[in-house]
1. Between 298, 280, 261, 253, which is more than 20 Å from residue 17 (Cα to Cα), within 17 Å of the chain's Cα centre (by Cα), buried (at least 18 other Cβ atoms within 10 Å of the Cβ) and in contact (Cβ under 8 Å) with a residue 24 or more places away in the chain?
2. Suppose the filter is touching a strand residue (DSSP E or B) at 6+ places or on another chain (Cβ under 8 Å), without any contact (Cβ under 8 Å) to a residue 40 or more places away in the chain and surrounded by fewer than 21 Cβ atoms within 10 Å (Cβ to Cβ); does residue 174 pass it?
3. Name the one entry in 310, 288, 276 that is farther than 16 Å from residue 248 by Cα and either touching a strand residue (DSSP E or B) at 6+ places or on another chain (Cβ under 6 Å) or assigned to a loop (DSSP other than H, G, I, E, B) (or both).
4. Could you tell me whether segment 36-49 includes any residue that is within 17 Å of the chain's Cα centre (by Cα) and touching a residue at least 40 places away in the same chain (Cβ under 8 Å)?
5. Consider segment 218-250. How many of its residues are touching a residue at least 60 places away in the same chain (Cβ under 8 Å), within 22 Å of residue 284 (Cβ to Cβ) and either more than 17 Å from the chain's Cα centre (by Cα) or exposed (fewer than 15 other Cβ atoms within 10 Å of the Cβ) (or both)?
6. Determine whether segment 140-155 contains at least one residue that is farther than 27 Å from residue 54 by Cα and under 16 Å from the mean Cα position of the chain (by Cα).
7. Considering only segment 143-177, state which residues are more than 30 Å from residue 201 (Cβ to Cβ) and assigned to a helix (DSSP H, G or I).
8. Assess whether residue 56 counts as being part of a helix (DSSP H, G or I), surrounded by 18 or more Cβ atoms within 10 Å (Cβ to Cβ) and out of contact with any strand residue (DSSP E or B) (no Cβ under 8 Å at 6 or more places or on another chain).
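Readers should treat all values here as calculations from the given coordinates under stated rules, not as data from a laboratory. In this text the structure is predicted, and so the values were computed from the model without any measurement. Using ideal geometry, Cβ is built from the backbone for each residue, glycine included, and neighbour counts are taken over all protein chains shown.
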């Protein structure tokens with residue numbers, strides 16, 4: 001089967017499909033016992049990401065168990081920052097960048113690099129994953145958007161108020177923009193590299209976009225998100241995601257992607273209306289709903305699908321990533337309901 005015939009790719013191109021394809025953000029991970037078994041033997045998270053055989057194995061695990069329509073590579077949005085010269089660690093709190101970028105000399109030292117030379121493990125993992133996937137299952141690559149990567153790079157990890165980032169953005173705007181220039185170029189290269197290694201669709205995660213008002217997003221973030229799509233030459237469908245970014249939906253829909261992913265706080269049918277039917281729309285069951293009993297998960301999934309039934313370009317997903325405490329049976333109910341919906345709708 002050619003990649004363009006796979007259900008996810010057809011849906012992202014807004015072709016007629018028998019049902020909405022389904023996959024989940026963070027579908028590989030700690031909620032699965034088979035993942036935890038691999039992790040126990042492998043050591044740390046980053047060690048797994050950099051071991052192509054392990055990254056491929058955990059990417060394949062949820063597809064084997066649930067049969068969703070796409071596999072998204074097990075990796076992390078911060079991998080390019082490390083390749084550019086920033087030390088990167090993961091501990092129980094999440095990612096840590098112990099040498100944050102807060103001065104001109106730090107930004108100037110950041111290098112735009114060749115992904116094949118510095119992140120070859122990503123390409124190897126993609127090739128191994130494609131070889132292990134069922135023919136009908138699409139393979140998805142991803143990267144973080146420039147603003148989101150900048151937030152991690154400047155804060156040194158996750159943040160509640162982005163104080164260092166805002167200080168740089170407002171008071172040293174030229175320096176902040178130099179940082180975004182470098183990140184946009186690196187992200188575009190990374191996405192192109194993933195497509196060259198087998199990714200058949202690409203997602204750009206602007207996870208922390210909602211930290212900004214619309215005025216600030218349009219001024220300090222969106223131009224570089226648009227630049228990524230302008231410079232990414234891969235001839236595969238591209239999707240942009242902004243977490244909790246309902247106030248930015250129309251703007252995200254105009255950055256040059258083929259689809260926009262909306263989180264669970266946005267009305268799904270309304271998202272189709274607001275984007276004018278020009279794009280695919282991905283989403284958007286609340287990940288927290290997966291803590292409900294399987295029957296309730298199935299009911300909510302069916303209701304979501306019915307709310308946009310017949311719309312071209314719908315890709316069923318969660319409004320954010322699977323949480324580690326999620327019962328695999330709930331994920332199974334979500335996927336089964338989606339797979340059965342087209343047959344009896």
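1. 253
2. Against the criterion (touching a strand residue (DSSP E or B) at 6+ places or on another chain (Cβ under 8 Å), without any contact (Cβ under 8 Å) to a residue 40 or more places away in the chain and surrounded by fewer than 21 Cβ atoms within 10 Å (Cβ to Cβ)), residue 174 does not qualify.
3. After ruling out the rest, the residue left standing is 310.
4. yes
5. The qualifying residues number 1.
6. yes
7. Selection gives 163, 164, 166, 167, 168, 169, 170, 171, 173, 174, 175, 176.
8. yes
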